[in-house]
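J.: Quick one: structure below, then a few questions.
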Amino acid sequence: MYIIIGGGVVGLHVAIALAAKPGHPEIFVLEKEKFLGDHTSGRNSEVIHAGFAYPVGSNKAKWCVEGNALTYEWCDLLKVPHKKCGKWLVAFNEAEVPALEGTLKNGAVCGVPDMRPATTAELKTKEPEINDFAGVIFAKTSGMMDVASYIRALERYFAAQENCHIIYPCGVNGIDAQKNIIETNRGPMEYSLLVNCGGLWADAVYKMACGQKDFRIKPFKGEYMIWRKGKINEVIYPVPRRFLPGGDKDKRLVSSMGIHLHRGVGGDLYVGPTQVELDWDQKNDYTIVTPPEIFAKEANQYIQGVREEDLQPAYAGNRPKLYIDGQPYGDFLIAVEKNQIHALGTDSPGLTASPAIGKEVSRIVSSGL
Ligand SMILES: Cc1cc2nc3c(=O)[nH]c(=O)nc-3n(C[C@H](O)[C@H](O)[C@H](O)COP(=O)(O)OP(=O)(O)OC[C@H]3O[C@@H](n4cnc5c(N)ncnc54)[C@H](O)[C@@H]3O)c2cc1C
């Protein structure tokens, strides 16, 4: 029996990929919460990333580029609301222009299709009230999805396959790695393969499974505000933080895109997310602590006249960042131990990359553990 711990987008795509193998054993997805998407999968920007922002050769770059195309295929197949609207990247001043050009070059080396230099004039044909920028890039393959519908659709698709089950709430509290038995709050279960897709708690699951390495997951909060009267319809981002001077030396910034503007497919216009480093044990802390004036100041870099009273707190999500031996790792890691596979460090762009992570786990299983 295959057991997948965690019913976020990573666990669901791993389950779906394993269920695609002819003659697979029974597959169970176990989720501790009362509904799927309660944690990171339901608390993000809902952006289908193109993959230009991550270090060349990293798992994030590879699986984001592959996952971008796969995500559109899944959204089409499952009729999940989405839009392939593209994304504008802007340099606020001349000093940021080299970083913007570096992002374009990085995207080309990582194999991101249809990314090109653009101009403020071109962006103004879509958003006439936008500020003047020192540089602009357009990435055509970026998009937006309705993540709540996506999670529900993946759940339905998986549960409709032969010998596939999803159980929640069902928390895994103990693992006997010698006997291949897990303890859950609904009783014990035996497994032949265990896949840990525990997101923010993947380190706790790893330890429960007797993992010896020093893997720890630190939550980095991202908060959002809704700008109710905002008129922006395009998705507009600053230069990814790691391309700014010194940014490449800080692995905590690998997935840090900076505060941006995006209108979800549901129609709301968001400003965010922040990046607030939390303590190790604050994984469930979804309070919004950053004051509205900070969001207004950031939003004014894109368009004048955003007042703090125009912004309303929306929601927050925590990025599960992997630390190894106390140091930030900055990438996705798939750790294989005996008949266990652990998906660690599934912060951004994990929503986009999740179908590719599923395929990678399936490939590992096919090649024998
Ligand atoms: C602010 C923010 C913005 C982001 N924006 C984007 C974006 O625009 N595009 C993008 O591609 N990515 C984005 N991401 C990243 C993306 O959301 C994550 O990479 C992805 O959702 C991770 O999915 P997951 O399945 O690993 O984690 P989760 O969704 O957290 O799922 C893990 C599940 O495991 C369960 N679990 C843990 N321990 C146990 C246990 N012992 N027993 C049973 N169940 C257990 C948890 O309850 C949880 O539901 C963003 C993330 C954040 C925080």
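J.: Within region 1-30, track down each residue that is near the ligand (Cβ under 7 Å from one of its atoms) and not in a loop (DSSP other than H, G, I, E, B).
T.: If the condition is that a residue be near the ligand (Cβ under 7 Å from one of its atoms) and not in a loop (DSSP other than H, G, I, E, B), then ILE5, VAL9, VAL10, GLY11, LEU30 are the ones that fit.
J.: One residue is enough: does region 287-300 have a residue meeting the conditions under 20 Å from the mean Cα position of the chain (by Cα) and not in a strand (DSSP E or B)?
T.: Yes: one or more hits.
J.: What is the one condition in (1) among the hydroxyl-bearing types (Ser, Thr, Tyr); (2) in a loop (DSSP other than H, G, I, E, B); (3) within 10 Å of the ligand (Cβ to nearest atom) that TYR54 does not satisfy?
T.: That leaves (3) as the condition not met.
J.: Taking region 261-275 as the search range and keeping residues that are more than 10 Å from the ligand (Cβ to nearest atom) and out of contact with any helix residue (DSSP H, G or I) (no Cβ under 8 Å at 6 or more places or on another chain), which one is nearest to VAL235 (Cα to Cα)?
T.: The initial filter retains those residues of region 261-275 that are more than 10 Å from the ligand (Cβ to nearest atom), namely 261, 263-271.
Retained after the next criterion (residues that are out of contact with any helix residue (DSSP H, G or I) (no Cβ under 8 Å at 6 or more places or on another chain)): 263-270.
On the way: ARG263: 7, GLY264: 9, VAL265: 11, GLY266: 14, GLY267: 12, ASP268: 12, LEU269: 10, TYR270: 10 Å.
The residue in question is ARG263.
J.: Quick one: in region 31-41, of everything that is surrounded by 20 or more Cβ atoms within 10 Å (Cβ to Cβ) and not polar (S, T, N, Q), which residue is nearest to the ligand (Cβ to nearest atom)?
T.: Going through the qualifying residues, I end up with HIS39.
J.: Does LEU70 satisfy the condition of being within 15 Å of the ligand (Cβ to nearest atom), touching a Pro at 6+ places or on another chain (Cβ under 9 Å) and not in a loop (DSSP other than H, G, I, E, B)? Don't jump to the end; show me each part of the working.
T.: On the way: within 15 Å of the ligand (Cβ to nearest atom): yes; touching a Pro at 6+ places or on another chain (Cβ under 9 Å): yes; not in a loop (DSSP other than H, G, I, E, B): yes.
Answer is yes for this residue.
J.: Condition (residue is among the small types (Gly, Ala, Ser), on the phi < 0 side of the Ramachandran plot and away from the ligand (no atom under 11 Å from the Cβ)) applied to region 86-98: is it met by at least one residue?
T.: Looking for residues that are among the small types (Gly, Ala, Ser), on the phi < 0 side of the Ramachandran plot and away from the ligand (no atom under 11 Å from the Cβ), one finds at least one in region 86-98, hence yes.
J.: Still on this model: Answer yes if at least one residue in region 309-321 is in a loop (DSSP other than H, G, I, E, B) and surrounded by 20 or more Cβ atoms within 10 Å (Cβ to Cβ), and no otherwise. Working first, answer last.
T.: Going residue by residue through region 309-321, those that are in a loop (DSSP other than H, G, I, E, B) are none.
Taking every residue of region 309-321 in turn, none turns out to be in a loop (DSSP other than H, G, I, E, B) and surrounded by 20 or more Cβ atoms within 10 Å (Cβ to Cβ).
J.: Which of (1) surrounded by fewer than 15 Cβ atoms within 10 Å (Cβ to Cβ); (2) under 27 Å from the mean Cα position of the chain (by Cα) is the odd one out, the single condition THR125 does not satisfy?
T.: Result: THR125 fails condition (2) only.
J.: Kindly indicate which of VAL65, VAL90 is free of Cβ contacts under 8 Å to residues at least 60 places away in the same chain and within 27 Å of ILE236 (Cβ to Cβ).
T.: That would be VAL65, the only listed residue that is free of Cβ contacts under 8 Å to residues at least 60 places away in the same chain and within 27 Å of ILE236 (Cβ to Cβ).
J.: Answer with yes or no whether TYR206 is closer than 30 Å to THR71 by Cα and more than 23 Å from the chain's Cα centre (by Cα).
T.: no
J.: Which count do you get for residues in region 118-150 that are assigned to a helix (DSSP H, G or I) and either within 21 Å of VAL9 (Cβ to Cβ) or of a type in the set (Lys, Arg) (or both)? Explain how you work it out, then say what you get.
T.: Step one: list which residues in region 118-150 are assigned to a helix (DSSP H, G or I), which gives 120-126, 147-150.
Then keep just the ones that are either within 21 Å of VAL9 (Cβ to Cβ) or of a type in the set (Lys, Arg) (or both); that gives 124, 126, 147-150.
Count: 6.
J.: Right, another one. Under 9 Å between Cβ atoms, at least 6 apart or on separate chains: pull out the pairs that start in region 292-303 with a residue that is within 12 Å of GLY230 (Cα to Cα) and end on any residue that is part of a helix (DSSP H, G or I).
T.: ALA296/GLU308; ALA296/GLU309; ALA296/ASP310; ALA299/ASP310
J.: Looking at (1) crowded, with 20+ Cβ neighbours inside 10 Å; (2) in contact with a Lys or Arg (Cβ under 8 Å, 6 or more places away or on another chain); (3) not aromatic (Phe, Trp, Tyr), can you tell me which one ASP285 breaks?
T.: Every condition holds for ASP285 apart from (1).
J.: Follow-up question, since we're still on this one. For the subset of region 149-167 comprising residues that are aliphatic (A, V, I, L, M) and crowded, with 17+ Cβ neighbours inside 10 Å, which member is farthest from the ligand (Cβ to nearest atom)?
T.: ALA153
J.: So for region 229-238 (the condition being within 21 Å of ASN318 (Cα to Cα) and either in contact (Cβ under 8 Å) with a residue 60 or more places away in the chain or assigned by TED's automatic domain parsing to the domain that holds VAL9 (or both)), does at least one residue qualify? Talk me through it step by step, then tell me what you get.
T.: Kept after step one, since they are within 21 Å of ASN318 (Cα to Cα), are these residues of region 229-238: 237-238.
Next, only the ones that are either in contact (Cβ under 8 Å) with a residue 60 or more places away in the chain or assigned by TED's automatic domain parsing to the domain that holds VAL9 (or both) stay: 237-238.
Yes - at least one qualifying residue is present in region 229-238.
J.: While we're looking at this one, here's another question. Quick one: which of VAL306, VAL365 is surrounded by 18 or more Cβ atoms within 10 Å (Cβ to Cβ), of a type in the set (Val, Ile, Thr) and either over 19 Å from LEU18 (Cα atoms) or within 12 Å of the ligand (Cβ to nearest atom) (or both)? Steps first, please.
T.: Values: VAL365 fails: either over 19 Å from LEU18 (Cα atoms) or within 12 Å of the ligand (Cβ to nearest atom) (or both).
Answer to the selection: VAL306.
J.: Within region 50-69, can you find the residues that are hydrophobic (A, V, I, L, M, F, W, C) and crowded, with 19+ Cβ neighbours inside 10 Å?
T.: Just the residues of region 50-69 that are hydrophobic (A, V, I, L, M, F, W, C), to begin with: 50, 52-53, 56, 61, 63-65, 69.
Matches in region 50-69: ALA50, PHE52, ALA53, ALA61, TRP63, CYS64, VAL65.
J.: Would you say VAL65 is on the phi < 0 side of the Ramachandran plot and under 17 Å from the mean Cα position of the chain (by Cα)? Walk me through how you get there before you give the answer.
T.: Details: on the phi < 0 side of the Ramachandran plot: yes; under 17 Å from the mean Cα position of the chain (by Cα): yes.
Yes; evaluated as a whole, the condition is true for this residue.
The values are calculated or read from the model by the stated rules, or taken from the named source; none is laboratory data. No experiment lies behind these values; they were computed from the predicted model shown. Cβ sites come from the backbone with ideal geometry, for glycine too, and all protein chains shown count toward neighbours.
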